[in-house]
1. Name the single residue, out of those in region A:14-34 being more than 7 Å from chain B (Cβ to nearest Cβ) and outside any helix (DSSP H, G or I), that is modelled with the lowest pLDDT.
2. Scan region A:124-183 residue by residue and report those that are closer than 30 Å to B:PRO100 by Cα, touching a residue at least 12 places away in the same chain (Cβ under 8 Å) and exposed (fewer than 13 other Cβ atoms within 10 Å of the Cβ).
3. Might you check whether a residue that is in a loop (DSSP other than H, G, I, E, B), of a type in the set (D, E, K, R), over 28 Å from B:LEU3 (Cα atoms) and within 14 Å of another protein chain (Cβ to nearest Cβ) occurs anywhere in region A:111-119?
4. Got a sec? Which strands (runs of 3 or more DSSP E) wholly within region B:3-78 have at least 1 residues that are out of contact with any helix residue (DSSP H, G or I) (no Cβ under 6 Å at 6 or more places or on another chain) and within 13 Å of chain A (Cβ to nearest Cβ)?
5. With B:ASN75, B:ASN67 as the choices, which residue is modelled with pLDDT of 90 or more and surrounded by 17 or more Cβ atoms within 10 Å (Cβ to Cβ)?
6. Please find, within region A:55-75, the residue that is nearest to the chain's Cα centre (by Cα) out of those that are within 11 Å of another protein chain (Cβ to nearest Cβ) and among the charged types (D, E, K, R).
7. Assess whether B:LEU155 counts as being away from chain A (no Cβ under 14 Å) and in contact with a helix residue (DSSP H, G or I) (Cβ under 7 Å, 6 or more places away or on another chain).
8. Taking the options B:SER94, B:SER118, B:SER111, name whichever one is without any contact (Cβ under 8 Å) to a residue 40 or more places away in the chain and not in a helix (DSSP H, G or I).
Amino acid sequence: MDIDDLLAEVAVDSTPEESRDLQELTRAWVAERTAPEILNWPEELMERVLERVRRQIELVEDQTGNMDPKTNFKLIVIQTELERFKFLVRSFLRARLNKIDQHPLHIRAQHTASLDSTQPLLSPSELQYLTSHQALLSQHYSASFLSQFPASLQRLDDTTGGISMVDKPDEDRAVFRQMPRIE
Amino acid sequence: MALPLPPGLTPPEIAFLCEMELVTVIPRQRLEGLELLGGPLKPLNPPQRSDISLWLALLLKRQRRANILPPPWLNTHSLTAILDHETEHGDTFSPPPRLPPQPSDNTLPISPPFLPTSTADAAPDALPYHWLELGEMLLEAASDDFEEPDQVRKLLRGLREVRMSKLRSGVEVLDAAGGIKMNGVGGMEVGEGRSFITGVIDGLRKIGASREQQRKDRDAEEAENGYSGTAGDYDDDEMDMQ
């Protein structure tokens, strides 16, 4: 380790929380976009990020009336960054919604199992989305055709007979993984 | 609302990621410090150099408020040396830049695009993770900040060709036990090869799994037939039950 390493280490430790959150969010987004299964909801990180986004939007709204060219350009920079952040958050959430839509029953079971641990799998609103979407779907199915079936064939999550009806993502799928360093 | 894209980053998403890389600019106008969502932005005072994110550098450049200093690896001299290295070593990629030390506290290790691998004091002899995207974007938006933009563009294209053919030649060993050393491969290159490579691996895995299943079934069958004599009776029993 030479002097450059020491200096760089000091620089790393003094990284402000905002920058570290951006790094963490970016990493979470990349992971969510590439992983076959849904990953744990980063609750604290998302709370901090969403709160900051909310405050920044207020700031932009406050200053939009200001026509001074100097402030105006500052506002352009702030708004550009805000849009980038919003894209990141939105794409992250939508990638999760996509997985929830594809494997609702499997994810609900996983979420219920994760409730005992410190980090639940889904956020409260994701769970709400999953539950109400699933309720609507099964209501629709039973109204349109399931009610005509014998009672023993009406279930949507039947696991008897060796074949489970609950679809699962292919958890063995190949992914690319970046190893910044080998310990 | 759900994202209709398949898993794996698409090229625009990789470019978005690349825009978070730090680059060095020479501002031509003052800009006060700003509290941005990704951390505070230091005030820009011409002609003091400053390291800022690529998206901001491009924004300033398009409005003629700053000049971008191309990173030290993005010039004819360095690229020629790297290209020579790539052609000499037929089966490995040129090594990635040296990593800064691990942060001492328990934070996440920093990875691209947050490593300062494209600022003015980055390593001149290695291609960073987002080399292709960053090079293309700088050449597109700030070609007047380069000494020989056309030459640089040509070298980038050459590098891309050489490295893509290495990646493609690796496909032949994608079966279960095969492996390719991918040290130094770039983000866009992974993105380009991703769907094909993972598709082949998964396809082979499924074929392998069904073969394995067949073998097991056959073994089980043979084991059952091993108790010959009883097998025939067993069938009869079943017939009776029906």
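1. Residue satisfying both the conditions and the ranking: A:SER14.
2. If the condition is that a residue be closer than 30 Å to B:PRO100 by Cα, touching a residue at least 12 places away in the same chain (Cβ under 8 Å) and exposed (fewer than 13 other Cβ atoms within 10 Å of the Cβ), then no residue fits.
3. Checked region A:111-119: no residue is in a loop (DSSP other than H, G, I, E, B), of a type in the set (D, E, K, R), over 28 Å from B:LEU3 (Cα atoms) and within 14 Å of another protein chain (Cβ to nearest Cβ).
4. Fully inside region B:3-78 and qualifying: B:22-27, B:34-36, B:39-41, B:50-53.
5. The match here is B:ASN67.
6. A:ARG55
7. Considered against the rule, which asks whether it is away from chain A (no Cβ under 14 Å) and in contact with a helix residue (DSSP H, G or I) (Cβ under 7 Å, 6 or more places away or on another chain), B:LEU155 comes out as yes.
8. None of the others qualify; the one that does is B:SER111.
The values are calculated or read from the model by the stated rules, or taken from the named source; none is laboratory data. Here the structure is a predicted model, which means the values were calculated and not measured. Neighbour counts run over all protein chains shown; Cβ positions are idealised from the backbone, glycine included.
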